[in-house]
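For reference, the structure discussed in these notes is given below.
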Amino acid sequence: MGEGDLATGGTTRREQDAWLVFEDEAGQSLRPPKARTWSRRGHTPIVTVSGTGSGRVSIAGLICIKPGQRTRLIYRTITHHGRKGEKKGFRETDYAALLDAAHQQLGGPVVLVWDNLTAHHDAVMQKLITARSWLTVYRFPTYAPELNPVEGVWSNLKRGLGNLAARSIDQLTILVKTRLKKMQYRPGLIDAFIAETGLILTTNPP
């Protein structure tokens, strides 16, 4: 178990047998993303936003890769309604719970690659990582989102939500989960997100 830079990963036998897992987070408010659509010439389509209500849907996603296995997308959401004292996003224990669920679902050790967000490498997270013998962690180079295939998930999700005006944050949460679930059943699409990064998965000799 350990933590280091992305370039140093994948050298032990345990790591070679593991799932390579990329992680990232995103969020969406009630204001829908801009998107293109069709309309009659000279008639600009208008999406009406109620302007009432507040809140945000926070999303943490994992793309999981292993040679000979179907590529997986695993995610969790947290809905913030704007209430006082309500958790606004993912904390260290939430990341640990997501990784525990992924470990159980994947059925093997995990090599995790994520960015340099403070909550990813502070003392609390380091303790949680150390307690999981099946987990090895590496970090992306600073300011390199183009290397993370989960960015493709967020881009696809934003396009899917474009021009949709949810009436409440709970309805938005349902829309987000529905679109992510559809992606889970399209491993070819997830593989395309990986291909867009230019990363190549190789196996070192034992």
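Residue under question is L161, and the condition is that it be over 14 Å from L62 (Cα atoms), out of contact with any Cys (no Cβ under 6 Å at 6 or more places or on another chain), modelled with pLDDT under 95 and crowded, with 16+ Cβ neighbours inside 10 Å; does it hold? Reasoning before the result, please.
Numbers: over 14 Å from L62 (Cα atoms): yes; out of contact with any Cys (no Cβ under 6 Å at 6 or more places or on another chain): yes; modelled with pLDDT under 95: yes; crowded, with 16+ Cβ neighbours inside 10 Å: yes.
Considered against the rule, which asks whether it is over 14 Å from L62 (Cα atoms), out of contact with any Cys (no Cβ under 6 Å at 6 or more places or on another chain), modelled with pLDDT under 95 and crowded, with 16+ Cβ neighbours inside 10 Å, L161 comes out as yes.
Any chance the range 122-144 includes a residue that's modelled with pLDDT of 95 or more and within 15 Å of Y75 (Cα to Cα)?
Among the residues of the range 122-144, not one is modelled with pLDDT of 95 or more and within 15 Å of Y75 (Cα to Cα), which makes the answer no.
Within the bounds of the range 159-175, is there any residue that is out of contact with any strand residue (DSSP E or B) (no Cβ under 8 Å at 6 or more places or on another chain), under 26 Å from A97 (Cα atoms) and basic (K, R)?
no
Please identify the pairs in which a residue from the range 179-195 that is within 18 Å of K66 (Cβ to Cβ) has its Cβ atom under 6 Å from the Cβ atom of a residue that is of a type in the set (K, R), counting only partners at least 6 apart or on another chain.
Filtered contacts from the range 179-195: P187/R70.
Testing A166 on (1) among the small types (G, A, S); (2) surrounded by 15 or more Cβ atoms within 10 Å (Cβ to Cβ); (3) within 13 Å of the chain's Cα centre (by Cα), one condition comes back false. Which one is that?
Of the numbered conditions (1) among the small types (G, A, S); (2) surrounded by 15 or more Cβ atoms within 10 Å (Cβ to Cβ); (3) within 13 Å of the chain's Cα centre (by Cα), the odd one out for A166 is (3).
Within the range 155-189, take every residue that is hydrophobic (A, V, I, L, M, F, W, C) and not in a helix (DSSP H, G or I) and give me the one that is nearest to G89 (Cα to Cα). Give the steps one after another, and end with the answer.
If we filter the range 155-189 for residues that are hydrophobic (A, V, I, L, M, F, W, C), which is where we start, we get 157, 161, 164-166, 169, 172, 174-176, 180, 183, 189.
Restricting the remaining residues to those that are not in a helix (DSSP H, G or I) gives 164-166.
On the way: L164: 23, A165: 22, A166: 20 Å.
The residue in question is A166.
Sort out which residues of the range 142-154 are part of a helix (DSSP H, G or I) and surrounded by 14 or more Cβ atoms within 10 Å (Cβ to Cβ), and write them in order of number. Before the answer, list the steps.
Here is the first cut: in the range 142-154, the residues part of a helix (DSSP H, G or I) are 145-147, 150-154.
If the condition is that a residue be part of a helix (DSSP H, G or I) and surrounded by 14 or more Cβ atoms within 10 Å (Cβ to Cβ), then L147, V150, E151, G152, V153, W154 are the ones that fit.
Residues are listed down the side, and each one gets a yes or a no for (1) farther than 18 Å from K177 by Cα; (2) aromatic (F, W, Y); (3) at pLDDT below 90:
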| position | (1), (2), (3) |
| --- | --- |
| D17 | yes, no, yes |
| R41 | yes, no, yes |
| Y75 | no, yes, no |
| G82 | yes, no, yes |
| G85 | yes, no, yes |
| R91 | yes, no, no |
| L98 | no, no, no |
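Answer yes if at least one residue in the range 179-188 is closer than 26 Å to R83 by Cβ and aliphatic (A, V, I, L, M), and no otherwise. Quick ask: steps written out before the conclusion?
Of the range 179-188, the ones closer than 26 Å to R83 by Cβ are 179-180.
Going one step further and asking which of them are aliphatic (A, V, I, L, M), we end up with 180.
Yes, because at least one residue in the range 179-188 is closer than 26 Å to R83 by Cβ and aliphatic (A, V, I, L, M).
Before we move on, is T79 within 22 Å of V153 (Cβ to Cβ) and of a type outside the set (D, E, K, R)?
Judged against the criteria, T79 is a match.
The values are calculated or read from the model by the stated rules, or taken from the named source; none is laboratory data. Note that the coordinates shown come from a computational prediction; the quantities given were computed from them, not determined experimentally. Cβ: placed from backbone, ideal geometry, glycine included. Neighbour counts: every protein chain shown.
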